[in-house]
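Only the coordinates and a few stated rules stand behind these numbers; no lab work does. Fair warning: this is a prediction, and the values are worked out from it, not measured in the lab. No Cβ is skipped: glycine too gets one built from the backbone with ideal geometry, and neighbour counts run over all protein chains shown.
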Amino acid sequence: MALWGGRFTQAADQRFKQFNDSLRFDYRLAEQDIVGSVAWSKALVTVGVLTAEEQAQLEEALNVLLEDVRARPQQILESDAEDIHSWVEGKLIDKVGQLGKKLHTGRSRNDQVATDLKLWCKDTVSELLTANRQLQSALVETAQNNQDAVMPGYTHLQRAQPVTFAHWCLAYVEMLARDESRLQDALKRLDVSPLGCGALAGTAYEIDREQLAGWLGFASATRNSLDSVSDRDHVLELLSAAAIGMVHLSRFAEDLIFFNTGEAGFVELSDRVTSGSSLMPQKKNPDALELIRGKCGRVQGALTGMMMTLKGLPLAYNKDMQEDKEGLFDALDTWLDCLHMAALVLDGIQVKRPRCQEAAQQGYANATELADYLVAKGVPFREAHHIVGEAVVEAIRQGKPLEDLPLDELQKFSR
């Protein structure tokens, strides 16, 4: 039964019901909805709506339901309930009868879903932080194992100066550190509870919202009910963090895809993260990395979609906000999967040191060092830059590396 049926004299058209219902994706908030309901039942005791005995009965039933959901989450999708709130309430009434109908006193689905989503986001941020640190550790370990692997560094995808493979790894450690900082910063604004704000104007019951927030593990309660039920900044912030994080992972993937080509030949990827061709027997394709790169676009799309959804909404809650979940769930799932996959790619990667060294010695990547040598001898840098440029032209003409030009030939460029 719908939670709002009393006002209506006709049943909803089945096509509208399918269009309107959200259980197919907000079922993922089941645990958070149950946890929030337990906390709300405690708050109702403090204002005399429930007795301690009634609350204990509700809490016991909700905890049993929580265990059922954890053991068999797919059961939720077997229901035709409108959303996860309807499903939880229906199951609770099945267990405790009329008492279950008292739980929603003073509460709206507007503050309920806002609370559920924030709780889910907090849990997911914790998972993302763990995965992010694991990838950082994998990069540091790979760097430690390849401190002496000299390779060309690139600008404009042209060989620029020699670097080490370790230096390349640690560049991504820094990017991931910024990703962690963004998540930690978003968590500060996420960590406030909207429960008790009602539909938009608060509740008629003198609920201690700070106490309620504490029961749910929030740092504090929100201050303005209109804002609280319509705020989705935390969704935008997490999608923004995901979009930037996925850009970093996409760049990581692109670098390794290039390093793995026959033309570069700097690394060999493990068989465990590559696949073959149905036609060409020799192929070993970097599919894990290509999928990381490819999935970046869907995360950027989720951020753009959510911004467009929110940009024209008046206060307070609007049904448009139901669109916040699918994109968020998919984007954060994708980011988490890609963090794990990137770490797996590093597990078993082989750096081909001789080839890296050979490539670093080609393309006149040591030209800057020669210019710096001249500067150390008192030649102004701009003049040294010009001298070495002329030397490079001569080396190219002779088909030699710079270091093979005789000293007297090099000296003539500085006269």
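Where a ≥ b ≥ c are the square roots of the eigenvalues of the C-alpha gyration tensor, would you call the range 322-414 rounded, which needs a/c under 1.5, or, failing that, prolate if a/b is larger than b/c, or oblate? If you can, show how the numbers build up before the last one.
Details: a/c = 4.38, a/b = 2.60, b/c = 1.68.
Prolate.
As a test, work out the antiparallel percent of DSSP beta bridges whose residues both lie in the chain, rounded to the nearest 5. It would help to have the intermediate numbers written out before the result.
Values: 9 of 11 bridges.
The antiparallel fraction comes to roughly 80 percent.
Bin all alpha-carbon pair distances of the range 138-228 at 10 Å intervals from 0 and give each bin's fraction as a whole percent.
Reading upward from the zero bin: 15, 25, 16, 12, 13, 14, 4.
Can you list the lysines whose alpha carbon sits under 18 Å from that of Lys91, skipping same-chain ones fewer than 8 residues off?
Cross-link targets: Lys101, Lys102.
As a footprinting exposure proxy, order Asp83, Asp148 by other Cβ within 10 Å, with the fewest listed first. Let's see the in-between values first.
On the way: Asp83 23, Asp148 10.
By the 10 Å Cβ count, ascending: Asp148, Asp83.
Regarding the range 86-204, what's the average projected area of the Cα-atom convex hull, expressed in nm²? Kindly include the intermediate steps, with their values, before the conclusion.
On the way: hull surface 48.7 nm².
So the mean shadow area of the Cα hull is 12.2 nm².
FRET efficiency for Leu77 and Arg178, Cβ-Cβ distance as r, R0 = 45 Å, nearest 0.05?
Values: r = 38 Å, r/R0 = 0.84.
E between Leu77 and Arg178, to the nearest 0.05, is 0.75.
Considering only C-alpha atoms, what is the centroid distance from the range 390-407 to the range 193-240, in Å?
If you average the Cα positions of each part, the centres end up 70 Å apart.
In the range 110-358, how many lysine pairs have Cα atoms under 17 Å apart, counting only pairs 8 or more places apart or on different chains?
Values: Lys118/Lys188; Lys118/Lys325; Lys122/Lys188; Lys122/Lys325; Lys284/Lys352; Lys311/Lys319; Lys311/Lys325.
Here the count comes out as 7.
Under the rule of at least 5 residues apart or a separate chain, name every residue whose amide H is placed under 5 Å from the amide H of Ser275.
Correct list: Asn285, Asp287.
Counting other C-beta atoms within 10 Å, which of Thr46, Thr124, Thr261 has the fewest, and how do the rest follow? Mind dumping the intermediate values first?
Details: Thr46 15, Thr124 19, Thr261 12.
Least crowded to most crowded, the residues run Thr261, Thr46, Thr124.
What is the angle, in °, between the Cα long axis of helix 287-310 and the longest principal axis of the Cα atoms in the chain? Nearest 10 is fine, range 0 to 90.
The two axes meet at around 50 degrees.
Mind checking the log10 I(q)/I(0) for the range 105-158 at q = 0.15, 0.28, 0.31 Å⁻¹? Debye, one equal scatterer per Cα, no solvent, two decimals.
So the normalised log intensities work out to -0.68, -1.00, -1.06.
Explain nothing, just the number: dipole magnitude of the range 365-413 about its Cα centre with +1 on each Lys and Arg Cβ and -1 on each Asp and Glu Cβ, in debye rounded to the nearest 20. Present the calculation step by step, with values, prior to reporting the outcome.
Numbers: 5 positive and 9 negative charges, 24 e Å.
Result for the range 365-413 is approximately 120 debye, rounded to the nearest 20.
Quick one: putting +1 on the C-beta of Lys and Arg, -1 on the C-beta of Asp and Glu, what dipole do you get for the range 13-66 around its Cα centre, in Debye to the nearest 20?
Its charge dipole is roughly 280 debye.
Starting with the highest mean, order 215-221, 322-328, 50-56, 189-195 by the number of other Cβ atoms within 10 Å, averaged over the residues of each peptide.
Result, highest mean first: 189-195, 322-328, 215-221, 50-56.
With +1 on each Lys and Arg Cβ and -1 on each Asp and Glu Cβ, how big is the dipole of the chain about its Cα centre, in debye rounded to the nearest 20?
Details: 44 positive and 60 negative charges, 122 e Å.
So the magnitude is around 580 debye.
Is the shape of the range 365-413 best called rounded, prolate or oblate, per the rule: a/c under 1.5 gives rounded, else a/b larger than b/c gives prolate, else oblate, with a ≥ b ≥ c the square roots of the Cα gyration tensor eigenvalues? Could the numbers behind the result be given before it?
Values: a/c = 1.88, a/b = 1.72, b/c = 1.10.
Prolate.
Roughly how far apart, in whole Å, are the Cα centres of the range 108-186 and the range 309-379?
The range 108-186 and the range 309-379 have Cα centres spaced 8 Å from each other.
In a solvent-free Debye calculation with one equal scatterer on each Cα, what is log10 I(q)/I(0) for the range 14-105 at q = 0.17, 0.25 Å⁻¹, listed in the order of the q values?
-0.70, -1.25
The list [x] 1.04; [y] 1.14; [z] 1.16 gives values of Rg/Rh (Cα atoms, Kirkwood Rh), and only one came from this structure; which label was calculated from it?
Among [x] 1.04; [y] 1.14; [z] 1.16, the one calculated here is [z].
Going by amide H atoms built from the backbone, whose H comes under 5 Å of the H on Ala149, apart from near neighbours?
Counting only residues 5 or more places away or on other chains, the set is Phe165, Ala166.
Compute the distance from the alpha-carbon center of the range 250-268 to that of the range 49-88, in whole Å.
Using only Cα atoms to place each centre, the spacing works out to 50 Å.
Would you list which aspartates and glutamates come within 18 Å of Lys400, measuring only between C-alpha atoms, while excluding same-chain residues fewer than 8 positions from it?
Glu358, Glu369, Glu390, Asp408, Glu409
Rule-of-thumb check for the range 110-358: C-alpha Rg over 2.2 N^0.38 Å?
Details: Rg = 22.2 Å, N = 249, 2.2 N^0.38 = 17.9 Å.
Dividing the Cα Rg of the range 110-358 by 2.2 N^0.38 Å gives 1.24.
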